[in-house]
Amino acid sequence: MKNLTIVDIAREAEVSIKSVSRVLNHEYGVSPATRARVQAIIDARGFKPNAAARSLPGSRSYLVGLMIYNDEIHYYYSALQTGVMRAARRHGYHMIMEPMRGYEQEDRLAVLKRLNTSRFDAMIVPPPMCDDPAILDMLDELNIPYVRIAPRTQLERSSYVFMNDSQAAYEAIDHLWQLGHRDILYVGFRETGASEDRYEGYTRYFRDKSLVPPYPLMEVAIASAKGAIATGEAIMSARSRPTAIFAGNDMIAFGMMTAAAKYGLTIPGDISIVGFDDSPGAETVWPPLTTIRQPITDMGESATDLVVKGLGGDLAVKTKEVQRLDFSLVIRGTTAALK
């Protein structure tokens, strides 16, 4: 049996080849009834268009780029990659990661050329790149549509998806408060502005109770378990230490747990710890980590859905859509009532 072609689909659906192409390319100009009829045939026949051939009539590459801060393995970008890839495949696109760390040291024209020759139809821009005006200016200059993940500035500039980091932190502190903790320390990071939002939720909780937050913002030099150990050792070895720590991410929480073990402190008997992200390892460390579950994979998927939706219309008309995703507090073994 010969391979099914777009011509066969058009003949079976009794529509033009252009109409089938519009359905495949998620373009406007097709009635809902026609779109449904064509899609039903595509699904029933298991039709998979050839990406190279499909791009010939127009300028599309069917590539969605995911900007990453670096090319090292990191659970945040790994989870985003899963979400972007899942949605891209569903829409008939392919995902390519584009590392951007250190781009400031490159010649701007070289960066523009690299992005342009990659032939991205669209780009997903997570932190910290989402708040970098130089990167956004380059994407606008190249007319590459983009959706940002968790931006903090110039919110009117593009569509974006986010979760409420401040409120998530607020609920984490409330969990510790309900357990009787009052001497609660927040340990954040410097890489993105998300840490500031989480500290804002921390301080807001105490102010809502007409109290002064017990500690100023404390940040680790590097937001990794290894980078947090030194800070954790300083906390655990102090004569007066907090009864609970809210860590800006799970890696910092792991560093705090390591430091506590080094100084013979039990968790949660001597100190309670809450993380943020519900990363791989949060369930398997001992004790399992109480943490905020951030919908990282879902944010990547939602951002890709938004950007592909935008590709179906007039690219000169930049519609702005905002999606907020929910978080949840996952209570495990690192928090307990104050003795």
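The values are calculated or read from the model by the stated rules, or taken from the named source; none is laboratory data. In this text, all values refer to a predicted model and were calculated from it rather than measured experimentally. Cβ coordinates were reconstructed from backbone atoms using ideal geometry, including for glycine residues, and neighbour counts include every protein chain displayed. Just so you know, the surface numbers come from the protein's heavy atoms only, side chains and all, with ligands and any DNA or RNA stripped out. Shrake-Rupley method; radii C 1.70, N 1.55, O 1.52, S 1.80 Å.
Between the helical axis of 225-236 and the longest alpha-carbon principal axis of the chain there is an angle of about 20 degrees.
Tally up the carbon and sulfur contribution to the accessible surface of the chain as a whole percent, 1.4 Å probe, everything protein left in place. So the carbon and sulfur contribution to the accessible surface is 53 percent. Each pair of Cα atoms in the stretch 80-201 enters the Kirkwood radius, and Stokes-Einstein at 20 °C and 1.002 mPa s then converts it into a translational diffusion coefficient of 128 µm²/s.
Phi angles of the stretch 248-256 translate, via the Karplus equation with coefficients 6.51, -1.76, 1.60 and θ = phi - 60°, into HN-Hα couplings of x, 8, 5, 4, 5, 4, 4, x, 5 Hz per residue; Gly and Pro are given as x.
Note on the stretch 201-255: Rg/Rh from C-alpha atoms, Kirkwood Rh, equals 1.01. Relative contact order for the stretch 76-221: 16 percent, from Cα pairs under 8 Å spaced at least 6 residues apart, divided by residue count. Surface exposure of the chain, expressed per residue as accessible area with a 1.4 Å probe, stands at 48 Å².
Report the percentage of all Cα-Cα pairs in the chain whose separation exceeds 34 Å, rounded to a whole percent. Considering the chain, 37 percent of its Cα-Cα pairs are separated by more than 34 Å. Legend: distances between Cα atoms for 226/309; 209/339; 113/320; 18/113; 209/262; 18/320; pairs beyond 30 Å are 226/309; 18/113; 209/262. Given a 1.4 Å probe and the protein chains as shown, residue 306 ends up with an accessible area of around 20 Å².
Could you list log10 I(q)/I(0) for the stretch 178-304 at q = 0.09, 0.13, 0.16 Å⁻¹, which the Debye formula gives when each Cα is one point scatterer? Debye output, listed in q order: -0.25, -0.51, -0.78. Other residues with beta-carbon under 9 Å from the beta-carbon of residue 214 carry, at +1 per Lys or Arg and -1 per Asp or Glu, a net charge of 0.
Normalised by residue number, the volume inside the convex hull of the Cα atoms of the stretch 163-222 is 77 Å³ per residue. Entry note, the chain: relative contact order of 19 percent, from Cα contacts under 8 Å with a spacing of 6+ residues.
Taking 20 °C and 1.002 mPa s as conditions, the stretch 230-283 diffuses translationally at an estimated 193 µm²/s according to Stokes-Einstein applied to its Kirkwood radius (Cα pairs).
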